[in-house]
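Each remark here refers to the structure printed beneath this line.
Since every read-out is calculated from the coordinates, none of them should be taken as a lab result. This structure is a prediction, so every number in the text was calculated from the model and none was measured. Using ideal geometry, Cβ is built from the backbone for each residue, glycine included, and neighbour counts are taken over all protein chains shown.
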Amino acid sequence: MAGFPPFVQDLGKRDKEFYDAVAKVIEIATRPGAVDEKTKVFISLALDAYIGSERGVMVLSNRARELGATEEEINEVLRIPYYVAGSRPLITGNNAFPKKE
């Protein structure tokens, strides 16, 4: 992923030592390897949608498009956080009904 998010850049202004450590982790996590860059952007997009990062979703969806993602692919990626987050109330809600064995 090109560049670091603004909150990481802000960290660099106030804590250079920690910034260097965070930057290294970001570089390792985002560089192409066994998983290609577009897939890593998709994963990040799903995670940002899950945590409610509106800016992150905008930036990452645009980066995905730059990497050749279609609107259909982005739609499919954004179904995943709903499935993960939306499943929790269904799973927990099942506890309202005793299991009959």
Explain nothing, just compute: Karplus ³J(HN,Hα) = 6.51 cos²θ - 1.76 cosθ + 1.60, θ = phi - 60°, for every residue of region 5-22 in order, whole Hz, x for Gly and Pro. x, x, 5, 6, 4, 4, 4, x, 6, 10, 8, 4, 4, 5, 4, 4, 5, 5
To make sure I understand, if each residue's beta carbon is the centre and we count other beta carbons within 10 Å, what order do 82, 50 fall in, fewest to most? 82, 50
Anchor residue 13: aspartates and glutamates whose Cα lies under 19 Å away (excluding residues fewer than 8 positions away in-chain): 27
Determine ³J(HN,Hα), in whole Hz, for all residues of region 32-38 in sequence, where each value follows from phi through the Karplus function 6.51 cos²θ - 1.76 cosθ + 1.60 and θ = phi - 60°; x replaces Gly and Pro. x, x, 5, 10, 6, 4, 4
May I ask you to evaluate 6.51 cos²θ - 1.76 cosθ + 1.60, the Karplus curve with θ = phi - 60°, for each residue of region 78-86 and list the ³J(HN,Hα) values in order in whole Hz, giving x for glycine and proline? 6, 6, 5, x, 5, 4, 5, 6, x
Highest-MSF residue in the chain out of 67, 90, 47 [GNM, Cα springs under 10 Å]: 90
Using 0.36 nm per residue, how much length does the chain from residue 13 to residue 47 gain when fully extended, once their Cα-Cα distance is taken away? 9.6 nm
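Rank the residues 4, 97 as a footprinting-exposure proxy: fewest other Cβ atoms within 10 Å of their Cβ go first. Display every interim value, and only then the final one.
Numbers: 4 17, 97 7.
The most exposed by this proxy come first: 97, 4.
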With a Förster distance of 41 angstrom and the Cβ-Cβ distance between residue 99 and residue 65, calculated FRET efficiency to the nearest 0.05 equals 0.35
In Å, what Kirkwood hydrodynamic radius results for the chain from the alpha-carbon pair distances? 15.7 Å
Neighbourhood charge, 13 Å Cβ-Cβ cut-off, centred on residue 69 and excluding it, Lys, Arg +1 and Asp, Glu -1: -3
Given 0.36 nm per residue, what is the gain on full extension from residue 90 to residue 76 after removing their alpha carbon distance, in nm? 2.9 nm
